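Data first, discussion second: the structure below is written as structure tokens.
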Amino acid sequence: MKWMKFPKRYLIVVLTFISTCVCYVERVGFSIAYTVAADAAGTNQSSKGTILSTFYYGYACSQVPGGWAAQKIGGRRVLLLSFVLWSSTCFLVPLDPNRVTVLVVARLLVGVAQGFIFPSIHTVLAQWVPPHERSRSVSLTTSGMYLGAAMGMLVLPSLVKFRGPQSVFLAEAALGVMWSFLWFKYATDPPRSEHQKATATSFGESMLPTKASQKIKAENGPTTVRTSKIPWKKILVSGPVWAIVVNNFTFHYALYVLMNWLPTYFELGLQLSLQEMGFAKMMPYFNMFIFSNIGGVLADHLITKRVMSVTKTRKFLNTVGFIVSSLALMALPIFRTSGGAVLCSSVALGFLALGRAGFAVNHMDIAPKYAGIVMGVSNTAGTLAGIIGVDMTGKLLEAAKAEYSDLSGPESWRAVFYIPGLLCVFSSFIFLLFSTGERIFD
């Protein structure tokens, strides 16, 4: 691409940003389309929660295998395969709430396919992005999730209204296919000529998959580079890894509960129509997009200007993000207007995204060579949060409906938002106690 004036690694970051954006259009899209179809079919809240959480079972199963596959055959290839698989599933499966088995199998397949995405992305970024650019690169890439969710919330309700729920699946599949073409055409591994510099700075070819007896040319003649054994035991008993795991669980518990149940809260809890809310309904996710990038730029500034060490920077941003988010989450059911609910959910999700400049970049700090593996382990916990949170919220709402006769009162939703709020407080203390910004895995 001769017309590109910026380094190739920037193109890789932009493409991974677009990939997360497309993935979250799909996730929000299913929530919106299925909610409309299920309500029309008279499906109860508990059953809706079960279907909405099915995705996360498949997603959980493929996180660690995704990290392993990316480590062995390369994140670039695994990422492409993942997109092809989930896009094909969306294109082929009909959205019919009465065909429960078909929906369950389809959501499991999409979950398995998308489970490979984030471990692969972290492996690719660890290969391409130097340490001083990691915070903003990871933050930009992951902010695609929030922009995708915002776009989905803005556009897809109207698409459902005029074209029906099934049209959402076809639109998502088309986006997945278009991104796959761009990735296939433009994505590459880091150039071999960068090997010596990559090894010195802990990124690049030194983290590419290598055959057991592969020989490369070095200054002192040919040397043998063997694929290093993944230190599974050390990873699984590491305190800093578990600090990331706990915070990943909490982040995704809050995110997935809001992503899957916020449309229901607006419609049943506040008696609002998503179609009539206009741009307001996308603000929580757009706020995440903004704050995620603010967090990344701020983190890199604090580190490169030596205002704070890497460890202090990660702890500072993680703590501020999670504590402010906890307050906003617990205040959410108090506000009974559209503006108040949008404000609270925007602050909650925005500061959660700011906190990602703490725990979510920490994979590359402590284990740059095994970033995909550590991401797979921590994202498994995040996926379990989706399974537990989304399904349990459905059951909490069904119990509240039985007790209060409907879901329009704040008491019906208090437990839904208090649980992630309290988890944020707990997780921030865990990260303060056990995390580090130093490299602990060679």
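Here are the numbers for this structure:
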{"item": "Region 276-357: C-alpha pair distances exceeding 23 Å, %", "result": "28 percent"}
{"item": "For residue 436, distant residues with modelled amide H under 5 Å away", "result": "none"}
{"item": "Convex hull projection area averaged over all views, region 18-106, Cα basis, nm²", "result": "6.1 nm²"}
{"item": "Diffusion coefficient, µm² s⁻¹, Stokes-Einstein with Kirkwood Rh over alpha-carbon pairs of region 124-183 at 25 °C and 0.890 mPa s", "result": "179 µm²/s"}
{"item": "Of all accessible heavy-atom area on region 14-126, the percent that carbon and sulfur account for (1.4 Å)", "result": "70 percent"}
{"item": "Residues of region 1-106: accessible area per residue with a 1.4 Å probe, Å²", "result": "40 Å²"}
{"item": "Surface accessible to a 1.4 Å probe, residue 336 within the full protein complex, Å²", "result": "90 Å²"}
{"item": "Cα-based convex hull volume of region 39-198 per residue, rounded to whole Å³", "result": "126 Å³"}
{"item": "Rounded percent of accessible protein surface that carbon and sulfur make up, region 331-442, 1.4 Å probe", "result": "69 percent"}
{"item": "Tilt relative to the chain, helix 75-92 - C-alpha long axis, 0 to 90 degrees, to 10", "result": "30 degrees"}
{"item": "Region 5-46: C-alpha gyration tensor shape, a/c 1.5 cut-off, then a/b vs b/c", "result": "prolate"}
{"item": "Convex hull of Cα atoms in the chain, direction-averaged projection (nm²)", "result": "21.1 nm²"}
{"item": "Taking all pairs of distinct alpha-carbon atoms in region 48-94, Kirkwood radius in angstrom", "result": "12.1 Å"}
{"item": "Calculated FRET efficiency for the pair residue 184/residue 406, C-beta based, R₀ 41 Å, to 0.05", "result": "0.25"}
{"item": "Efficiency of FRET between residue 232 and residue 39 - r from beta-carbon atoms, R0 56 angstrom, step 0.05", "result": "0.80"}
{"item": "At R0 = 45 Å, FRET efficiency that the Cβ-Cβ distance of residue 336 and residue 177 yields, to 0.05", "result": "0.55"}
{"item": "Between helix 371-404 and the chain: long-axis angle, C-alpha atoms, 0 to 90°, nearest 10", "result": "10 degrees"}
{"item": "Stretch gain in nm, segment residue 46-residue 311, where the contour uses 0.36 nm per residue and the Cα spacing is subtracted", "result": "91.2 nm"}
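The values are calculated or read from the model by the stated rules, or taken from the named source; none is laboratory data. Note that the coordinates shown come from a computational prediction; the quantities given were computed from them, not determined experimentally. As a convention, Cβ positions derive from the backbone with ideal geometry for all residues, glycine included, and neighbour counts pool all protein chains shown. Keep in mind that these areas ignore ligands, DNA and RNA; they rest on the heavy atoms of the full protein, side chains included. Shrake-Rupley method; radii C 1.70, N 1.55, O 1.52, S 1.80 Å.
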